[in-house]
Every structure is written in structure tokens, then in C-alpha cells.
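Have a look at the structure below, then the notes.
Only the coordinates and a few stated rules stand behind these numbers; no lab work does. No experiment lies behind these values; they were computed from the predicted model shown. Here Cβ is always computed from backbone atoms with ideal geometry, including for glycine, and neighbour counts include all displayed protein chains.
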Amino acid sequence: YLRDKSLALNALLKADPDNPQVTELLKSISTELKNTRYCSTQETAFALLAIGKHARKAAASDITAQVSVDGKSVGNYNNKDLQLPVDINNKLVTITAKGKGTLYYYYEMSGIKMSPNVADEDNHLKVRRRFLDRNGNEINGNSFSQNDLIVVEITAQSEAGMNVENVAITDLLPACFEIENSRLVAEREMDFMKNRSTAEYTDIRDDRISFFTALNGTAKTFYYTVRVVSKGTFVIGAVSADAMYNGEYHSYSGSGKVSVK
């Protein structure tokens, strides 16, 4: 079916490149390539040839455009890729184009919903998060005090005992938490961390920490520490475990809100 779509797109680009069905076919082929777990070599080749032909046509466009947000100009396009890091949430975006050819645009937004989904979801993997004090005692509830030192414990394993390679475990932080980066300060070793696992790679960012590892039926436990820095009520994202090369294997847990006094 993917091959037939690709052949149809190729023929349409040759006979009537401005036909509106070109865009629909292109979207359909791109979506199918992304969502199909396995494609034959022939299907992939025909799809890439058709997309490549469309890309050559798009590269020959001669277009200028002005981008406005709520009536205010924020950028001008002149046949070169334009990236605009602007806030467009709940705002009117207008693109006024002139010239010949086709202009493509996309926008990307990231963050945590103000009303996160609190339901846990496990599919072949299971990940959980707990907040502990410096003595290893679990902190009940999601209420903290400013300047608290919190130990975050993350446990993860595969279901049914299977071995799953290349798993990314990511913990999204609320804005009131600041990670103690062990690369900058001495890592805290506490007596209760005797079951601590070592990740193949750890990625620390401002708003999240990620552990990359393989999982099996035996739970792995990871620890890191955060300092509570701000008062208020904050949204906390889910801790997630995703097999990087198979989206069916995933687990999400613990999204909600935290309060800081």
C-alpha cells in the first residue's frame, strides 16, 4: 500500500505538481513511514524516491513571507530556513507569502500540561518514583518545604522477565526542584542506597534527568538528589521508561502537582 501511494505521488508530481492531492499523499506517506514498524526495502525505496522528488520541487520555489504574531511582525522568510523561538500560545499567527512555489511551516511546543494525566500506564515495562528524606524514609504526599533536600528514587523493570535493551528512563521535574549535579558537586552517598544501580549513561538537564540502561525482570534502582528552591504549587511530570527502538514498550507514572511551603 505504501508502494502504491509512492507511485501515485510520483506520477502526480510529474503530471500536475500543483494538485492539492500532492500534499495529502505526502502527509500519508510520511505518517505511514513513521508508524509502520517494518517496511520492505522496496516500499522504503519507492517512498524515499517520491519524497525526494517532491523535495527537489520545493527547493526550486521562489517565495518570500512575513510572519506575524497578533499583528506584530516577528520574522521574514526569504528562501532560507527560518526558525522563530516565540511564544504563540493562545495567539494569532499569520503568514503572508509572495512568489512562486510552496511554502511549508510547522510549530513545536513542549512542556507539561497544567492538568496532567495522573493515571499510570504500563506496557511491557514498569517504572515508579518515590521521594525520600536523607535517611531513606519515604515522604508521604507531594508537600515539601523550601530548602529541603529530597532524594528521588526511581525503580524500573520489564514485565514478564523479558530483557529489553536501550531503555530511556526520564524524570520530568517541577519548576521548584533543582537537581544537585554530581558532575559539579560531590555526589552524596547515603547508607540506604546499597541497592543502587549504575546506568550506561546519565543525562542531566535543567528540567529533567535521564538514565539509559537495559531492563529485565529484576528491578533496577536509581537515585539522585534535588533541592527545593521555590514556594508555591507546581506541576510535576510523569517519570517515564521508553524502549528507544520500540514504542510499544513503555511505562508512565506519577504525574500530578506538588506544593512547597
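Numbers at a glance
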| item | result |
| --- | --- |
| Of LYS126/LYS261; LYS34/LYS80; LYS5/LYS80; LYS231/LYS257; LYS72/LYS98, pairs whose Cα-Cα distance is over 22 Å | LYS126/LYS261; LYS34/LYS80; LYS5/LYS80 |
| Reported label for calculated Rg/Rh (Cα atoms, Kirkwood Rh) given (1) 0.99; (2) 1.08; (3) 1.14 | (2) |
| Relative contact order of the range 144-261, pairs being alpha-carbon contacts under 8 Å that are 6 or more residues apart, as % | 41 |
| Using alpha-carbon coordinates, inclination of helix 21-35 to the longest axis of the chain, degrees | 30 |
| Global form of the range 121-261, assessed from the alpha-carbon gyration tensor, a/c cut-off 1.5 | prolate |
| Residues of type aspartates and glutamates that LYS100 reaches as a straight line, Cα spacing below 18 Å, ignoring anything fewer than 8 places off in the same chain | ASP16, ASP18, ASP62, ASP81 |
| ³J(HN,Hα), Karplus 6.51/-1.76/1.60, whole Hz, each residue of the range 40-47, x for Gly, Pro | 5, 4, 5, 4, 4, 5, 5, 5 |
| Anchor LYS194: aspartates and glutamates whose Cα lies under 17 Å away (excluding residues fewer than 8 positions away in-chain) | ASP133, GLU138, GLU153 |
| The chain - mean residue ellipticity at 222 nm from DSSP helices (-39,500 (n - 2.57) per run, n ≥ 4, rounded to 500) | -6000 deg cm²/dmol |
| Relative contact order, percent, the chain [alpha-carbon distance under 8 Å, six or more residues apart] | 20 |
| Computed lengthening from GLN21 to ALA55, 0.36 nm per intervening residue step minus Cα-Cα distance | 10.7 nm |
| Under the Karplus curve 6.51 cos²θ - 1.76 cosθ + 1.60, θ = phi - 60°, whole-Hz ³J(HN,Hα) for the range 68-78, x wherever Gly or Pro sits | 10, 10, 6, x, 9, 5, 10, x, 10, 9, 9 |
| Farthest toward positive dipole pole in the chain [+1 Lys/Arg, -1 Asp/Glu at C-beta], among LEU125, LEU82, LEU26 | LEU82 |
